[in-house]
Each structure stands twice: as structure tokens, then as C-alpha cells.
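K.L.:
This is the structure, below, for whatever I ask next.
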Amino acid sequence: QKGGFAHYMLKEIFEQPDAIHRAVHAVSEETLPSSLRQASSITVVACGSSYHAGMIFRYLIEPVCGIPVRLELGSEYKYTPVPFSDVIIGISQSGETADTLSAIRKGICNNVKTVAITNVLNSSITRSAHDTILMHAGPEISVAASKSFIAQVGVLMQIVNILSGGRCHDILDHARYALEQVLLTDLTEAVDLCSKAQHLFYVGRGVFYPVMMEGALKMKEISYIHAEAYAAGELKHGPFALLSPDTPVIAICTPGPAYEVMLGNMKEMKARGTPIVAFGNEDDGDVSDIADVVIPLPKAHMWTQVLTSTVLLQLLAYHTANRLGREIDMPRNLAKSVTVE
Ligand code: M6R
């Protein structure tokens, strides 16, 4: 059943090139719910990894389509005032998360159109929302979301692509190949560092901030190492006090608007003796001069690097947890779907 892989999670990570391909084709110009086509503002509600997918969506859609996105945790949405967006998207791979379901129902009670993005046909969310987009990731057994997360991001990227008149088509066409390229990346040095740590910090800017939030969640969920993500600019507002030679930082620094300032941030961390594992473009001498370990990302468009860095962060968490002998597919205290508030 595990297809020769040691764990379901590793199998599911390796299924991601196919999963992203199916997810991108799960919605088209013709099948996009009309509520989304007409929306001038969107609220996204989700929990855990699905929330991170929603946050990536916000960073991608706002500059390309100019549509403002309000993002809410499912568990907090009930405490917010009446929804004021044109449409609510509830993202839930299981389709059973109680808090996300109640957000959809709250939208319906307030006459707001609702769209569910889920992996499970006939799940509760599909029966509640006005429209459903199935992401077609295939069954996911491991408690930790991997291919369902990448499929959520694939569907959301395709929504941005459709709403922008196909501006991102080539990037999405290339996504399957891009993921295949990174699956066999050697992460030994990074795993050596992470598996000895008790605390890890994950930092990024812009769309790479939610990518790092997802990386940190994956690490804490399956390795039990305390891993926190910060927007890199927030470090100086408190977390910097925690940096030491015993607290490695995982950073991402790729060409783009945040590049120079991220290089500066990494130098400041380095000055505190903090070991740095940096995701950077292959052959980027400026990144490798600062970082203790470089995880190379193939040069590509920022959207593609969102996908490739996500996969590498999953693999970093997986191999670290494996090194520590953790129960990877069934982490302690966690369940695949959370059906109580
Ligand atoms: O089924 P959902 O997408 O609604 O689940 C939400 C979270 O419980 C889920 O993403 C959780 O954070 C994952 N186990 C993370 O890997």
C-alpha cells in the first residue's frame, strides 16, 4: 500500500507532481463558480495547513487581480462581525473541519455566496456550500497534509490564473515538472542540523512567509521539534532575543522584492552566531556566503518557487522526523480531521 515507501507521508510527497497537475485542471474558465468570477472581494476561511494555503492565495491574487482578500482562521471567524465580502471560500481537505464548516454556514445565514475547496466528494462542506471545487489530490492517509496542501495551492493558483485572463498559464503548465525536479534534493546537512535542535525558527517575506508557516507546522507536527515561523521583518520586534547558536533559522532568500532585505536579515542573525539553513537560488553566491547550509531551489518564477520550496520543507520535516524515529504517519495527539470546535 505504501508503494515501497517507508511511510505514507513520503509516498504522498512523491505523488505531488501528479497531484498539482490534477488540481490545476480541477477548475477551468467554464467551471469556475460564477460567484468567484464576479467577486470584487473575497473572504477565505480555513484551519491549519489549509489556512496557510489561503494566505498564499491572498499574496498571489491581490497584486495580479486587485481583488482584496480577507483571511480568517475557522476557529476565530465566529467571533468576527457579519461577513462583508462578496464570497466566502472555505478550504478544507477533509471537508469535515467543524470550524470551517461553521464559517460556511455563517456565510449562508448572512446571504453571502460560499465556495468549498476540498479533496473529499460528498463531505459535509460540499453539502453546505453553494459551490464546490474538488481538488483531486487523491486519498491522503498521513495525518500531515502534503499532497492535499499542494493541491489546494494548485487550485487557488488556477483561480488567480483564470481571473487574470490566463496570465499565469505557463507557470502552471510547468508545475508538475518543477516539483519532479526537487524531490531527490539531498537534505542531509540540513537534517543533521535540524535533528539536533530543540527550537527552530522559520523566516520569509511576502508569499514566502506563509510558505514558512507551513514548513514550521510540518516540522513541529511530525518531528515534535518546537518550530515557529515569523515574517522576517518581525524578528527585531521580539523573537530576536531568542536567537543563539542553539536555535537554527531556516530562511528563504530568492530574487524578488524582498531579496536584499532578506540578505541583510540573514547577516544580522549570523552575527548572533545563529546557524542558518537558507533556501536560495542554485549558484547564488551571496546566499551561500552567509548560510551554513544552502538548500538550492531551481531558478524559476516566484510562483514555481512557492511550490518547490513547499515540497523541500515537507521533505526536511519528514527526514528530520525519520532521523528522530518519530511516528510520522500518526503523530501523537493529532487526528486527520478535526470535527469538534
Ligand atoms: O481537513 P482540513 O484541511 O480542514 O484540516 C485542517 C487542519 O486540521 C490540517 O490542515 C492540519 O493542520 C494538518 N494536519 C497539517 O498537516
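The values are calculated or read from the model by the stated rules, or taken from the named source; none is laboratory data. Values in this document were obtained by computation on a predicted structure and should not be read as measured data. Neighbour counts run over all protein chains shown; Cβ positions are idealised from the backbone, glycine included. Accessible surface is based on the protein model in full, side chains and every heavy atom, while ligands, DNA and RNA are left aside. Shrake-Rupley method; radii C 1.70, N 1.55, O 1.52, S 1.80 Å.
K.L.:
Kindly check whether there is at least one residue in the range 290-299 that is within 20 Å of F201 (Cα to Cα) and part of a loop (DSSP other than H, G, I, E, B). Spell out how you get there, then give the answer.
P.N.:
To start, the set of residues in the range 290-299 that are within 20 Å of F201 (Cα to Cα) comprises 290-297.
Restricting the remaining residues to those that are part of a loop (DSSP other than H, G, I, E, B) gives 291-292.
Yes, the range 290-299 has at least one match.
K.L.:
Considering each residue of the range 314-336, count those that are in contact (Cβ under 8 Å) with a residue 12 or more places away in the chain and outside any helix (DSSP H, G or I), and give that number. Walk me through how you get there before you give the answer.
P.N.:
To start, the set of residues in the range 314-336 that are in contact (Cβ under 8 Å) with a residue 12 or more places away in the chain comprises 314-324, 326, 328-332, 334-336.
Checking which are outside any helix (DSSP H, G or I) leaves us with 324, 326, 328-332, 334-336.
The number of residues fulfilling the criteria is 10.
To keep it simple, each residue is scored yes or no on (1) touching a helix residue (DSSP H, G or I) at 6+ places or on another chain (Cβ under 8 Å); (2) surrounded by fewer than 21 Cβ atoms within 10 Å (Cβ to Cβ).
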residue	(1), (2)
S41	no, yes
Y51	yes, no
S75	yes, yes
Y79	no, yes
S85	no, yes
S92	yes, no
V112	no, yes
A116	yes, no
N119	yes, no
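K.L.:
So, one more: Quick one: which residue in I108, I56 is farther than 25 Å from Y230 by Cα and either in contact with a His (Cβ under 6 Å, 6 or more places away or on another chain) or away from the ligand (no atom under 11 Å from the Cβ) (or both)?
P.N.:
Testing whether each residue is farther than 25 Å from Y230 by Cα and either in contact with a His (Cβ under 6 Å, 6 or more places away or on another chain) or away from the ligand (no atom under 11 Å from the Cβ) (or both) leaves just I108.
K.L.:
Among (1) part of a loop (DSSP other than H, G, I, E, B); (2) open to solvent by 40 Å² or more (accessible area, probe 1.4 Å); (3) without any contact (Cβ under 8 Å) to a residue 40 or more places away in the chain, there is one condition T339 misses while meeting the rest; what is its number?
P.N.:
Condition (3) is where T339 drops out.
K.L.:
Within the range 257-270, is even one residue touching a Ser or Thr at 6+ places or on another chain (Cβ under 8 Å) and open to solvent by less than 30 Å² (accessible area, probe 1.4 Å)?
P.N.:
So far as the range 257-270 goes, no, none of its residues is touching a Ser or Thr at 6+ places or on another chain (Cβ under 8 Å) and open to solvent by less than 30 Å² (accessible area, probe 1.4 Å).
K.L.:
Right, here's the next one. Take the residues in the range 283-293 that are more than 17 Å from F208 (Cβ to Cβ) and touching a strand residue (DSSP E or B) at 6+ places or on another chain (Cβ under 7 Å), then tell me which one is least open to solvent (accessible area, probe 1.4 Å).
P.N.:
V293
K.L.:
Okay, next question. Would you point out which residue out of A103, A129, A145 is modelled with pLDDT of 95 or more, over 17 Å from S34 (Cβ atoms) and surrounded by 24 or more Cβ atoms within 10 Å (Cβ to Cβ)? Show your work before the answer.
P.N.:
Working: A103 fails: modelled with pLDDT of 95 or more; A129 fails: over 17 Å from S34 (Cβ atoms).
The conditions single out A145.
K.L.:
Quick test of your reading of the structure: I56 fulfils all but one of (1) touching a Pro at 6+ places or on another chain (Cβ under 6 Å); (2) farther than 19 Å from R176 by Cβ; (3) among the aliphatic types (A, V, I, L, M). Name the failing condition by number.
P.N.:
Going through the list (1) touching a Pro at 6+ places or on another chain (Cβ under 6 Å); (2) farther than 19 Å from R176 by Cβ; (3) among the aliphatic types (A, V, I, L, M), I56 breaks only (2).
K.L.:
Please determine, by comparing only the residues of the range 65-93 that are under 19 Å from the mean Cα position of the chain (by Cα) and of a type outside the set (G, A, S), which one is nearest to the ligand (Cβ to nearest atom).
P.N.:
The first filter runs over the range 65-93 and keeps only residues under 19 Å from the mean Cα position of the chain (by Cα), leaving 69-75, 89-93.
Restricting the remaining residues to those that are of a type outside the set (G, A, S) gives 69-73, 89, 91, 93.
Details: V69: 18, R70: 18, L71: 14, E72: 13, L73: 10, I89: 13, I91: 7, Q93: 4 Å.
Per the stated criteria, the residue is Q93.
K.L.:
For the range 168-284, which helices (runs of 4 or more DSSP H) that fit wholly inside it have 3 or more residues that are under 30 Å from E15 (Cα atoms)? Even if it seems obvious, please write down each step before you answer.
P.N.:
Working: elements: 169-173, 175-182, 188-195, 208-223, 259-271.
It comes to 169-173, 175-182, 188-195, 208-223.
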